[in-house]
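A short write-up of the structure that comes next.
We did not get these values from a lab; they are worked out from the coordinates using the rules stated. All figures in this text were calculated on a predicted structure; none of them were measured in a lab. We place every Cβ from the backbone using ideal geometry, glycine too, and count neighbours over all the protein chains shown.
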Ligand code: PGA
């Protein structure tokens, strides 16, 4: 039985003080044993966020990291910098990182390996553009992202990975994929994971849906058999996130 995992991707929002305030506000609203709850604030607020979340059910995740251990990589964050302050998860290959910062399936693969090596749980993102959906190549495109992203990741390690399926046309637009559209792709991802690994491994991997998830649609999306929670942007920055987490 896969445990649901609901993560808030704060993107480039909230100063350190604002992050502490938001965590304190949301803490009682997201208290549940039914799902893993992860908050991903900006890098600069991670340390304060870990502190603020202590004693609660909230785990802290980073929005990105680099795949080298240390060195001349101006502006980057190394995996051990994250683990040393108590960060548990890391979002890898979000479509905004791919679009604005040149990340590719190959860099995603390197980051997934490095995160696992350091005991961080990768939330590996995939998803098609509207153009690709119109061309009817969504499943092929997403499967390629999954296959390359997990290249040479062992079965045991793959079980730790969380996959986030986020159609780009649904991110921040208020247009959500219908639960059938989301389920279709998440089921295809699980079929690919079965093909690459085996049924046991594929059944263990959590697959989130992301893209305009909110209080009004979480229950329907999360009820789908191959959707094991969500990666939530806008709605994770307000009290609504409590309703998303307690969607039942
Ligand atoms: P959204 O963002 O919920 O604001 O659409 C989701 C994401 O990009 O992870």
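General remarks:
- Mean-position separation - Cα centroids, region 107-179 and region 9-69, in angstrom: 22
- Here the Kirkwood formula, the inverse mean of 1/r across different C-alpha pairs, assigns region 25-91 a hydrodynamic radius of 12.7 Å.
- By the count of other C-beta atoms within 10 Å, a proxy for reagent exposure, 152, 106 are ordered fewest to most as 152, 106.
- Burial ordering of 1, 47, 124, 12, fewest other beta-carbon atoms within 10 Å first: 1, 12, 47, 124
- Spin-label model, residue 154 to residue 238: label points 7 Å out along the Cα-to-beta-carbon direction sit 4.6 nm apart.
- Only helical runs count toward this figure. For the chain, summing -39,500 (n - 2.57) over DSSP H runs of n ≥ 4 and dividing by all residues gives -11000 deg cm²/dmol at 222 nm.
- As computed over the chain, the Cα convex hull volume per residue (Å³): 115
- Pairs of Cα atoms nearer than 8 Å and 6+ residues apart set the relative contact order; for region 173-248 it is 33 percent.
- Ranked list, fewest to most other Cβ atoms within 10 Å of each Cβ, for 14, 110: 110, 14
- In plain terms, the chain from residue 187 to residue 99 could stretch by 29.2 nm, reckoned as 0.36 nm per residue minus the Cα-Cα distance.
- A Förster distance of 25 Å, applied to the separation of the beta-carbon atoms of residue 73 and residue 13, puts the FRET efficiency at 0.50.
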